[in-house]
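Comments concern the structure below.
The values are calculated or read from the model by the stated rules, or taken from the named source; none is laboratory data. Nothing here was measured: the structure is a model prediction, and the numbers come from that model. Every residue, glycine among them, receives a Cβ derived from its backbone with ideal geometry; neighbour counts consider all protein chains shown. Areas reflect the complete protein model, heavy atoms only, side chains present, ligands, DNA and RNA absent. Shrake-Rupley method; radii C 1.70, N 1.55, O 1.52, S 1.80 Å.
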Amino acid sequence: MSNGHPDDLDYSYYDYRNQLHPTHDVDIFPLIPWASLVRITLVVLLRIGFVLVHVGSVPVNNVNLILLQNIIDFCWVTVIYILIGIVFAYTGDVEGLVGEGYWIGDENVDKDEVIIGWSAVVIASAICTCGIVGRTHTIGYLIIGLLLAGFLQPFLIHWIWTPGGWIRTNSLNEKEVHFHDYSGSTIVHLVGGLSGMIGCMVLGRRILRLSAIDDASVAVGSSGIVFAGQLLVFLGLQTLSIPNIKVDYFKDKKHQYIFINNLSAGCSCSVLVVAIHFVLPREEFNHWTVMRCVQATVSGLVIISAGTDIYTPLVAIGLGSAASIVYYLVSRQVFQSALEDYCNIVAIHLVCAVLGSLIAPLLNYNDGADVTLILLNFSWHLISLITVIALVTIVMLIAFAGLQLSGLLRNRSEYLNHLRASIAEERASRRRTFLERLFGIDRDPIYLQPGYDSDELPNIRPQRRRY
């Protein structure tokens, strides 16, 4: 289910009050604006957290550019979603593919539902920016935000979160199957993480390994900034777990474990990642290892986000513990690669989201459930995930490749850093394939310090100022 659309009700976009149970004497509708206010507050805190993560994780001295692009991204994505996105996401259904085209000013539009979709769009955009922070031209931010908030995510929201969406409910082998994504495992974390990873890969290298950054490249106090930022991100992500009062109020099933599950999974994942670092003698205790332990709290939350409404606390702890191993192994591999994933979004959001979405259908059953139906639901989850991954990959590859060809992908400092890394690579003894350059471990990593003098680079033509 979504942030609150039940499968067992005759759902109406236009009249929630008719679904009140006669025994309910409390008028819940005055509470609805407060629910939206809580969502907005948590999302704003989350974006502040991501800004702190960006400033503390990226070894560049242009903090003002990071701050500017974050506020531009936040405001731009919001405007695009309100003007374009909700037309496709909510209010009615056309063959399970798209909404009926109502704009924000129409009285039929459920404003609380609009805020739920806005939360998903803004959070996914924040995750995506983690992969390209400090590197991309401002126009590039605007184009990527337009695609995510105006088209890509609104369609996914309709397909997965609305009752008539074709991914949410379909038939497989003549049986009805469902795609379960309560807190945005696919819509938010997978889309944001995959988009950020593609952007990071297209941008290419400016150092030969993330681990090649020495202590001098990490500013004093960065660890504390990232620590505070990750906790704000963990807090802000709770907005995706808040039920839609208008709809979930009428459900017989209670969601009393949602927030306990989030805490249990996040904390268990972090504790085990800390334990792994203590157990492994070769693990150096530095800025990156500490950050990995803090980031694990979000990883635990992500892995249960698909089914946090159906799990018990014990199941949440078990999944959080399993996530710690997967997250640690993936983050270590990324750390040793040339993928400049400073904020670790591949391990936190992409991998844990895919794993969590595949686990949810296997644990979403009642006593005496048909094993065949469980396997069919798992198959449908797998098919849907492949479809979403393929769609996001195609759209983002075209977008970033177009920015690359038009010269709007990189800002000025990133252009110089990328050029320097390309020159260093050309001096290698042999040419390597793209995957070898990306994931291969170099024997002699090259250290890139912030503020490198561009005059030392040969054959650089004068460039216009890039932002």
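List the residues, sorted by chain then number, that are 5 or more residues from VAL177 or on another chain and whose placed amide H is less than 5 Å from its amide H.
ASN170, SER171, LEU172
Students often check this: by mean Cβ neighbours within 10 Å, which of 312-321, 386-395, 160-169 ranks highest, and how do the rest follow?
Sorting 312-321, 386-395, 160-169 by mean packing, highest first, produces 160-169, 312-321, 386-395.
For the peptides 91-98, 293-300, what is the packing order when you average, over each peptide's residues, the other Cβ atoms within 10 Å and list the highest mean first?
293-300, 91-98
Sorting GLU174, GLU414 by accessible area (1.4 Å probe), largest first, what list results?
If we order GLU174, GLU414 from most to least accessible, we get GLU174, GLU414.
If you average 1/r over all unlike Cα pairs in the stretch 313-392 and invert the result, what Kirkwood radius do you get in angstrom?
About 14.4 Å, per the Kirkwood formula over Cα pairs.
Once the piece of chain linking SER321 and VAL279 is laid out straight, how much longer is it, given 0.36 nm per residue of separation minus the C-alpha distance between them?
13.6 nm
So, by mean Cβ neighbours within 10 angstrom, what's the order for 125-137, 225-237, 371-383 with the highest one leading?
Going from most to least packed, we get 125-137, 225-237, 371-383.
Please work out how much length the chain gains when fully extended from GLN404 to VAL44, using 0.36 nm per residue of separation minus the C-alpha to C-alpha distance, in nm with one decimal.
Roughly 126.5 nm would be gained on extension.
According to a simple spin-label model (label point 7 Å from Cα along Cα-to-Cβ), what is the distance in nm between LEU382 and LEU97?
2.8
In what order, largest first, do MET197, MET396 sit by accessible area if the probe radius is 1.4 Å?
MET197, MET396
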